[in-house]
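Q: One structure is given below, represented as structure tokens, and several questions about it will come after.
The values are calculated or read from the model by the stated rules, or taken from the named source; none is laboratory data. The model shown is predicted, which means the values in this text are computed figures rather than measured ones. Don't worry about glycine lacking a Cβ; one is built from the backbone with ideal geometry, like all the others, and counts go over all protein chains shown.
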Amino acid sequence: MISTTNLTVRYAETDKMGVVYHTNYGIWYEIARTKYIKDLGYSYSDMEKAGIMIPVINLNIKYISPTYYDDNIIIKTIVTKLSSAKIEFSYYAYRNNIKSPVNTGISIHAFVDNNMRLINLKKISPKIYLSIKDSIDKENTNKFKL
């Protein structure tokens, strides 16, 4: 599954040079990741109520070309790796319908409980685990490798 998130760059997200400030991509990727989970039929808040949290344990962002105020940003999100303990999301940000990404990123998350102890998602919630596993599209995973 590829989840698509559309954003418009706000003035507050730009720096003095009129370029999107680099930390905003991490925020945008969180928005895109949340949408991916919603596209699966779940929500972060429902997962947290069930005692499943997915904190970021690694975030890598590659800046290819700048984005500017009022640009339309399309973020394509896929799950590239899944284990019972971790999940990896890959992000591809496009500006104003340009065909190649202006920014790419990977975030890795651990599955933990409310006490931040590592859990086995496959055992704690087989339904969520299988939903995520079934959403992984091998063709697109290879196509969008970073």
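Q: From the list ILE31, ILE61, ILE73, ILE27, which residue is within 17 Å of HIS109 (Cα to Cα), modelled with pLDDT of 95 or more, part of a strand (DSSP E or B) and aliphatic (A, V, I, L, M)?
A: Numbers: ILE31 fails: part of a strand (DSSP E or B); ILE73 fails: within 17 Å of HIS109 (Cα to Cα); ILE27 fails: part of a strand (DSSP E or B).
From the options ILE31, ILE61, ILE73, ILE27, the qualifying one is ILE61.
Q: Let me ask something additional. Could you pull out every one of the helices (runs of 4 or more DSSP H) wholly within segment 80-143 that has 1 or more residues that are in contact with a helix residue (DSSP H, G or I) (Cβ under 7 Å, 6 or more places away or on another chain) and basic (Lys, Arg)?
A: Details: elements: 121-124, 126-135, 138-143.
Ranges flagged: 121-124.
Q: Sort out which residues of segment 41-58 are crowded, with 16+ Cβ neighbours inside 10 Å and either assigned to a helix (DSSP H, G or I) or modelled with pLDDT under 95 (or both), and write them in order of number.
A: Going residue by residue through segment 41-58, those that are crowded, with 16+ Cβ neighbours inside 10 Å are 42, 47, 52-54.
Listed by number, the residues that qualify are TYR42, MET47.
Q: In this structure, is THR14 closer than 26 Å to VAL79 by Cβ, of a type outside the set (Phe, Trp, Tyr) and at pLDDT 95 or above? Before you say what the answer is, go through the steps one by one.
A: On the way: closer than 26 Å to VAL79 by Cβ: no; of a type outside the set (Phe, Trp, Tyr): yes; at pLDDT 95 or above: yes.
Here the answer is no, as THR14 does not meet what is asked.
Q: Here's something else I'd like to know. What do you reckon, is THR4 farther than 25 Å from LYS122 by Cα, assigned to a strand (DSSP E or B), modelled with pLDDT of 95 or more and among the hydroxyl-bearing types (Ser, Thr, Tyr)?
A: Criteria met by THR4.
Q: Quick check on LYS86: is it within 29 Å of MET17 (Cβ to Cβ), surrounded by fewer than 19 Cβ atoms within 10 Å (Cβ to Cβ), out of contact with any His (no Cβ under 6 Å at 6 or more places or on another chain) and basic (Lys, Arg)?
A: Taking the combined requirement at face value, the residue does not satisfy it.
Q: On the given criteria, is TYR68 surrounded by 16 or more Cβ atoms within 10 Å (Cβ to Cβ), over 12 Å from TYR29 (Cβ atoms), of a type in the set (Ser, Thr, Tyr) and free of Cβ contacts under 8 Å to residues at least 60 places away in the same chain? Reasoning before the result, please.
A: Working: surrounded by 16 or more Cβ atoms within 10 Å (Cβ to Cβ): no; over 12 Å from TYR29 (Cβ atoms): yes; of a type in the set (Ser, Thr, Tyr): yes; free of Cβ contacts under 8 Å to residues at least 60 places away in the same chain: yes.
No, not satisfied.
Q: Could you list, in sequence order, the residues of segment 33-88 that are at negative phi, of a type in the set (Gly, Ala, Ser) and out of contact with any Lys or Arg (no Cβ under 8 Å at 6 or more places or on another chain)? Step through it out loud before you land on a result.
A: Step one: list which residues in segment 33-88 are at negative phi, which gives 33-40, 42-50, 52-69, 71-88.
After this cut, where a residue has to be of a type in the set (Gly, Ala, Ser) as well, the list is 43, 45, 50, 65, 83-85.
Within segment 33-88, SER43, SER45, ALA50, SER83, ALA85 meet the criteria.
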